[in-house]
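A short worksheet on the structure shown next.
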Amino acid sequence: MRLFGQLEAAVVSIAMNLAEGKGRFSKKEFIPYCYIARGSLYESMTLLELFKKNLWIDQVTFDSLKSEGLEIAAMIKGLINSLKNSA
């Protein structure tokens with residue numbers, strides 16, 4: 001299904017953007033990649049909402065994944081704030 005491929009691409013994009021940003025020459029250049037990674041994370045979480053709505057995952061699984069996603073979002077926000085404060 002198309003949505004499964006979309007979820008896979010969005011999840012991979014999170015890590016890939018953080019890795020690419022880390023490889024830049026400055027913290028200032030890293031920050032936009034963190035924002036893109038965060039956007040991909042929220043895209044993933046939205047897709048999970050659709051999976052739940054279509055009954056492809058149950059509520060317990062969704063709640064667990066959502067909780068983990070929010071934790072990762074907080075980590076990315078902390079990374080962005082750290083980069084901004086030290087740039």
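The values are calculated or read from the model by the stated rules, or taken from the named source; none is laboratory data. Model, not experiment: these values are computed from the prediction. Virtual Cβ from ideal backbone geometry, glycine too; neighbours counted across all protein chains shown. Heads up: the accessible areas ignore ligands, DNA and RNA and are worked out on the full protein's heavy atoms, side chains in. Shrake-Rupley method; radii C 1.70, N 1.55, O 1.52, S 1.80 Å.
Things worth noting here:
- Largest first, the residues Ser44, Ser86 sort by 1.4 Å accessible area into Ser86, Ser44.
- For the stretch 1-82, chymotrypsin sites (Phe, Trp or Tyr not before Pro) meeting the loop criterion (DSSP other than H, G, I, E, B) and having at most 10 other Cβ atoms within 10 Å: Phe25.
- Solvent-accessible surface ranking, highest first, for Leu50, Leu7, Leu55 at 1.4 angstrom: Leu55, Leu50, Leu7
- Ellipsoid fit via the Cα gyration tensor, the stretch 44-87: semi-axes of 30, 9, 4 Å, each the root of five times an eigenvalue, largest first.
- The C-alpha atoms of the chain define a longest principal axis, and helix 27-53 lies at about 10 degrees to it.
- For the chain, the normalised intensity computed at q = 0.12, 0.13, 0.26 Å⁻¹ comes to -0.40, -0.46, -1.22 (log10 of I(q)/I(0), Debye sum over alpha carbons, equal scatterers, no solvent).
- Carbon and sulfur %, accessible surface of the stretch 8-87 computed with the full protein complex present, 1.4 Å: 60
- Its Cα centre serving as origin, the chain has a Cβ charge dipole (Lys and Arg +1, Asp and Glu -1) of approximately 400 debye.
- Using a probe of 1.4 Å on the protein chains alone, the accessible area found for Lys77 is around 120 Å².
- Solvent accessible area, Å² - Met45, 1.4 Å probe, full protein context: 30
- With the whole protein complex present, Leu47 retains an accessible surface near 10 Å², based on a 1.4 Å probe.
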